[in-house]
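Here's the structure we're looking at; comments come further down.
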Amino acid sequence: MKLSASIVTYNSIGDIRGVLDSLRQSDCAQQCAVTVVDNGSTDGTVELLEREYPEIALIRSGNVGYGAGNNKALLSARSDYHFVLNPDVVFGPALLSDVVSYMEQNKACVLCTPDVYDGDGNRIPSPRKAPRLRYIAARFLPWKLKLLQAWRDEFTDYQNQSTDAYPIELCPGFFMAMRTQTAQQIGGFDERFFLYYEDTDLSRRMREKGEVMCLPFLHVTHHEKRAAYRSKWARRQMIRSLIRYFNKWGWRL
């Protein structure tokens, strides 16, 4: 079984060791070809990678965006399964093999993701539904209204306490496990999405080919930065991508 993984970095020196150490310590490390695509870091990320992780393939790129960066590895991968990982995720040594085992036993599954927890062991509500206007309003409006909270819970499927795999509408981009051939058939990520909603768009196109699943019996730890809540530049990118997504797939309340 051949595996591949891609990680896009941009000034990720504070995070990148965690995910690369997780891959290095994985029980299927010898089967997994890891590519890091650096989108023009200036904080020493590239130098760290060259010094401490000589086993990875490193691609130096201009800042082409998250989807386009991953495509540099995904579209040329010669593997059965490909993992798209954020620099700020960590996981146990059996996770990749457990994910592959599930997909081997469930041939209809073309894309999946585990549950996600923060560094304190708390489950993080993560998007599971395709975006709608009400979900976006509920996610970003600070008002404590019961209706908004109900929409937030619906968007993240927060009330779902299932321990069995269940279908979802999107896999978040911090950890995506996909059948390489299927992802390549649809052309990988739509590179018109520079940042944000490229994972949503990919998930939607993968759902046309098979099942997209959450595996709640597996988990990763995500040290998310919530950049869109702090940076004006990131908020602008999110709004642009959201408009592009709705224009592509339709505006739905």
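The values are calculated or read from the model by the stated rules, or taken from the named source; none is laboratory data. All values derive from a computational prediction rather than experimental measurement. In this analysis, Cβ positions are derived from the backbone assuming ideal geometry, glycine residues included, and neighbour counts consider all displayed protein chains.
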- Task: Take the range 131-155 and flag every residue that is crowded, with 19+ Cβ neighbours inside 10 Å and in contact (Cβ under 8 Å) with a residue 24 or more places away in the chain.
- Result: Pro131, Phe155
- Given (1) surrounded by 15 or more Cβ atoms within 10 Å (Cβ to Cβ); (2) among the polar types (S, T, N, Q); (3) over 16 Å from the mean Cα position of the chain (by Cα), number of the condition Asn70 does not satisfy: (3)
- Whichever residue in the range 33-45 is of a type in the set (A, V, I, L, M, F, W, C) and over 15 Å from Gly18 (Cα atoms) and, among such residues, is surrounded by the most Cβ atoms within 10 Å (Cβ to Cβ): Val37
- How about the range 164-203: which of its residues are more than 13 Å from the chain's Cα centre (by Cα), among the charged types (D, E, K, R) and closer than 21 Å to Val64 by Cβ? Asp190, Glu191, Arg192
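For Arg132, indicate whether it is out of contact with any strand residue (DSSP E or B) (no Cβ under 9 Å at 6 or more places or on another chain) and basic (Lys, Arg).
yes
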- Message: free of Cβ contacts under 8 Å to residues at least 40 places away in the same chain, surrounded by fewer than 17 Cβ atoms within 10 Å (Cβ to Cβ) and at positive phi: which single residue out of Gly62, Gly121 fits that description?
- Response: Gly121
- Note on the structure: Of the residues in the range 1-13, those that are modelled with pLDDT of 95 or more and surrounded by fewer than 20 Cβ atoms within 10 Å (Cβ to Cβ) come to Lys2, Tyr10, Asn11, Ile13
- For the range 167-212, what are the residues that are free of Cβ contacts under 8 Å to residues at least 40 places away in the same chain, outside any helix (DSSP H, G or I) and under 20 Å from Leu3 (Cα atoms)? Ile186
- Considering only residues of the range 73-95 that are charged (D, E, K, R) and surrounded by fewer than 17 Cβ atoms within 10 Å (Cβ to Cβ), which is farthest from Pro114 (Cα to Cα)? Arg78
- Please work out which one of (1) hydrophobic (A, V, I, L, M, F, W, C); (2) free of Cβ contacts under 8 Å to residues at least 40 places away in the same chain; (3) assigned to a helix (DSSP H, G or I) is the condition Val19 fails and give its number. (2)
- Query: Which one of Ser101, Ser126 is among the hydroxyl-bearing types (Ser, Thr, Tyr), at negative phi and crowded, with 20+ Cβ neighbours inside 10 Å?
  - Reply: Ser126
- Query: Out of all the residues in the range 212-223, is one or more surrounded by 20 or more Cβ atoms within 10 Å (Cβ to Cβ), at pLDDT below 95 and within 25 Å of Asp120 (Cβ to Cβ)?
  - Reply: yes
- Of everything in the range 71-116 that's in contact with a strand residue (DSSP E or B) (Cβ under 8 Å, 6 or more places away or on another chain), assigned to a loop (DSSP other than H, G, I, E, B) and among the small types (Gly, Ala, Ser), which residue is farthest from Ile13 (Cα to Cα)? Ala108
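Let's see how each residue does on (1) under 24 Å from Phe189 (Cα atoms); (2) at pLDDT 95 or above; (3) touching a helix residue (DSSP H, G or I) at 6+ places or on another chain (Cβ under 7 Å):
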position: Val19; (1), (2), (3): yes, yes, no
position: Ala29; (1), (2), (3): no, yes, yes
position: Asp43; (1), (2), (3): no, yes, no
position: Gly62; (1), (2), (3): yes, no, no
position: Ala68; (1), (2), (3): yes, yes, no
position: Ala73; (1), (2), (3): yes, yes, no
position: Ser79; (1), (2), (3): yes, yes, yes
position: Tyr102; (1), (2), (3): yes, yes, no
- Does Arg192 satisfy being charged (D, E, K, R), touching a helix residue (DSSP H, G or I) at 6+ places or on another chain (Cβ under 7 Å) and surrounded by fewer than 16 Cβ atoms within 10 Å (Cβ to Cβ)? yes
